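Below: the structure, in structure tokens.
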4 protein chains.
Amino acid sequence: MAPFTFPVRIYYEDTDSGGVVYYANYLKFMERARTEWLRSIGFEQDALIEELGVIFAVRSVTIDYNAPARFNDQLEVVTTLLKQGRASLHLLQEIHRKGEETVLCAGTAKIASLHAESFRPTPMPETLFQVIKNLS
Amino acid sequence: MAPFTFPVRIYYEDTDSGGVVYYANYLKFMERARTEWLRSIGFEQDALIEELGVIFAVRSVTIDYNAPARFNDQLEVVTTLLKQGRASLHLLQEIHRKGEETVLCAGTAKIASLHAESFRPTPMPETLFQVIKNLS
Amino acid sequence: MAPFTFPVRIYYEDTDSGGVVYYANYLKFMERARTEWLRSIGFEQDALIEELGVIFAVRSVTIDYNAPARFNDQLEVVTTLLKQGRASLHLLQEIHRKGEETVLCAGTAKIASLHAESFRPTPMPETLFQVIKNLS
Amino acid sequence: MAPFTFPVRIYYEDTDSGGVVYYANYLKFMERARTEWLRSIGFEQDALIEELGVIFAVRSVTIDYNAPARFNDQLEVVTTLLKQGRASLHLLQEIHRKGEETVLCAGTAKIASLHAESFRPTPMPETLFQVIKNLS
């Protein structure tokens with residue numbers, strides 16, 4: 001798939017007294033970007049849960065912090081699909097300042113498709129699977 | 001009731017790039033203290049929801065910020081009951097550094113007792129009402 | 001001044017296990033909206049601190065929670081100036097779902113202009129004072 | 001070193017509308033545990049910065065989410081030193097419910113010792129290095 005780019009503005013809530021973005025908050029930005037990527041291809045997660053009985057859960061994350069973001073920075077989260085399974089997605093998510101190439105932090109996330117009641121792994125809806133498969 | 005005192009340590013997550021505790025986070029500390037106050041008088045909120053069908057919701061908050069807390073501070077949240085209704089509680093919550101008298105911030109919270117399904121106001125369980133009423 | 005409207009999308013990070021937006025997080029949305037309001041009239045807060053030596057701090061907040069927002073909601077924060085002083089601003093900030101009139105929560109915030117080093121009250125920069133005064 | 005165990009209670013602030021602890025928040029618990037581990041061996045991070053000119057920064061994190069924690073859970077973060085360098089620490093941090101063996105999530109964190117002004121890697125203070133080295 002073509003990378004999906006999502007903008008994130010840094011507010012005071014995102015920073016810590018070290019003067020930089022608090023390290024856990026990049027995971028929030030990554031999750032926002034995944035939500036907006038799904039929305040951009042036609043899938044709302046509340047509808048996925050209520051109508052199709054599927055919820056996505058994060059199985060694992062790796063993240064490398066290369067350089068800090070700061071208050072008021074305008075960032076972009078660039079999301080790329082690394083691998084698609086029937087019940088899983090593996091994504092690369094890189095964050096940089098808008099207009100700059102330096103990757104401030106780079107994360108990967110393995111996402112599992114779960115049955116919304118039992119929380120057991122279940123294939124994602126076929127329509128969603130096909131839409132993602134056919135992303136160019 | 002005698003004031004209920006709950007300790008809060010300030011970690012990086014609580015601070016912002018202004019070098020102080022982010023203003024919204026004091027509401028987290030106030031909520032932790034309310035949870036621990038209820039626990040201290042014998043009521044767990046998950047049991048209240050599941051067994052008694054009652055959930056507490058915040059109706060309104062006022063908060064005055066007098067002086068900032070900082071990374072690594074050891075704070076105390078002192079909670080006092082201002083008024084008890086059948087389906088409501090009005091609490092004063094003051095935050096100071098341990099061993100110091102200066103009130104860093106002072107908040108009030110109006111809490112409503114709601115039916116856990118309908119979210120309509122409902123009297124709190126009689127046992128809880130009586131326990132709170134008899135606090136000296 | 002004309003009300004300033006700022007959009008906020010609700011992500012998982014904003015919600016709690018009650019199924020609604022966690023009560024402290026509305027203060028984050030209010031702060032984002034204030035930051036964007038200042039930006040919209042030409043003032044970046046990092047420049048205010050570094051170039052003009054002024055930082056804004058919240059002195060007090062009141063907030064009434066009328067109805068809950070939920071995951072995936074598209075909200076708007078509508079900010080109105082209630083009163084302008086030489087070293088203070090008093091703002092009303094109302095939050096509703098986009099396209100709906102019901103106010104989910106309504107807050108007020110008193111903001112003080114402080115010297116960025118001493119943290120003592122100081123008049124806001126004259127240019128900023130005039131720009132706000134002349135907002136129609 | 002002997003594992004260092006730090007308790008964490010789950011409050012509403014930690015959960016999301018999926019009914020479980022929001023995935024980024026485990027990084028907060030890990031950071032709290034690292035802070036308390038340093039405190040337990042005699043080092044306060046604000047003193048490290050101000051007196052010794054050293055700040056710790058997270059270089060990378062891996063985290064596996066095996067099972068969810070929920071509201072009101074009493075967790076423990078168990079921290080073990082994997083490797084010690086002159087300017088780095090590599091830690092394993094496992095989280096489980098108190099009294100249960102199941103690891104809910106397991107993370108590793110690479111921490112760098114930085115000069116507090118330049119943010120360049122710098123050896124940690126010799127006293128701290130020796131204290132950690134001599135932990136049994």
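The values are calculated or read from the model by the stated rules, or taken from the named source; none is laboratory data. Everything numeric in this text was worked out from a predicted model, so none of it was measured. Using ideal geometry, Cβ is built from the backbone for each residue, glycine included, and neighbour counts are taken over all protein chains shown.
Could you run through the stretch B:37-50 and say how many residues are more than 12 Å from the chain's Cα centre (by Cα) and either more than 10 Å from chain C (Cβ to nearest Cβ) or within 18 Å of B:F4 (Cα to Cα) (or both)?
Adding up the residues that qualify gives 9.
Quick one: which residue in D:G53, D:G19 is modelled with pLDDT under 95 and within 14 Å of chain C (Cβ to nearest Cβ)?
Answer to the check: D:G19.
Scan the stretch C:25-66 for residues that are acidic (D, E), in a helix (DSSP H, G or I) and closer than 30 Å to B:L114 by Cβ and report the count.
The qualifying residues number 1.
Which one of the conditions (1) touching a Ser or Thr at 6+ places or on another chain (Cβ under 6 Å); (2) not in a strand (DSSP E or B) does B:A69 fail to meet, given that it meets all the rest?
Among (1) touching a Ser or Thr at 6+ places or on another chain (Cβ under 6 Å); (2) not in a strand (DSSP E or B), the lone unmet condition for B:A69 is (1).
Given the structure, is D:L75 closer than 23 Å to B:D46 by Cα and modelled with pLDDT of 95 or more?
So D:L75 passes the test.
Cβ-Cβ below 7 Å, separation at least six or inter-chain, first residue in the stretch D:98-115 and closer than 18 Å to D:A69 by Cα, second aromatic (F, W, Y): which pairs?
From the stretch D:98-115, the pairs are D:C105/D:Y26; D:C105/D:Y65; D:G107/D:Y26.
Considering only residues that are more than 12 Å from every other protein chain (Cβ to nearest Cβ) and crowded, with 17+ Cβ neighbours inside 10 Å, which ones fall in the stretch D:111-128?
D:S113, D:T122, D:M124, D:L128
Would you check if there is a residue in the stretch D:110-118 being within 29 Å of B:L48 (Cβ to Cβ) and either modelled with pLDDT under 95 or among the aliphatic types (A, V, I, L, M) (or both)?
no
Could you grab me the full set of residues in the stretch A:56-86 that are out of contact with any Gly (no Cβ under 7 Å at 6 or more places or on another chain), among the β-branched types (V, I, T) and within 13 Å of chain D (Cβ to nearest Cβ)?
A:V58
Are any of the residues in the stretch B:23-37 at pLDDT 95 or above and more than 21 Å from D:R9 (Cβ to Cβ)?
yes
May I ask you to list the residues in the stretch D:85-136 that are β-branched (V, I, T) and either under 19 Å from D:W37 (Cα atoms) or assigned to a loop (DSSP other than H, G, I, E, B) (or both)?
Residues of the stretch D:85-136 that are β-branched (V, I, T), as a first pass: D:95, D:102-103, D:108, D:111, D:122, D:127, D:131-132.
Within the stretch D:85-136, D:I95, D:T102, D:T108, D:I111, D:T122, D:T127, D:V131, D:I132 qualify.
Could you list, in sequence order, the residues of the stretch B:35-70 that are under 27 Å from B:E100 (Cβ atoms) and basic (K, R)?
Passing the criteria: B:R39, B:R70.
For the list (1) in contact (Cβ under 8 Å) with a residue 60 or more places away in the chain; (2) part of a strand (DSSP E or B), I need the number of the one condition that B:L82 fails.
(1)
Looking only at residues in the stretch A:22-36 that are free of Cβ contacts under 8 Å to residues at least 40 places away in the same chain and of a type in the set (D, E, K, R), which one is nearest to the other protein chains (Cβ to nearest Cβ)?
A:K28
Considering only the stretch A:116-133, how many residues are acidic (D, E) and free of Cβ contacts under 8 Å to residues at least 12 places away in the same chain?
Of the residues in the stretch A:116-133, 1 are acidic (D, E) and free of Cβ contacts under 8 Å to residues at least 12 places away in the same chain.
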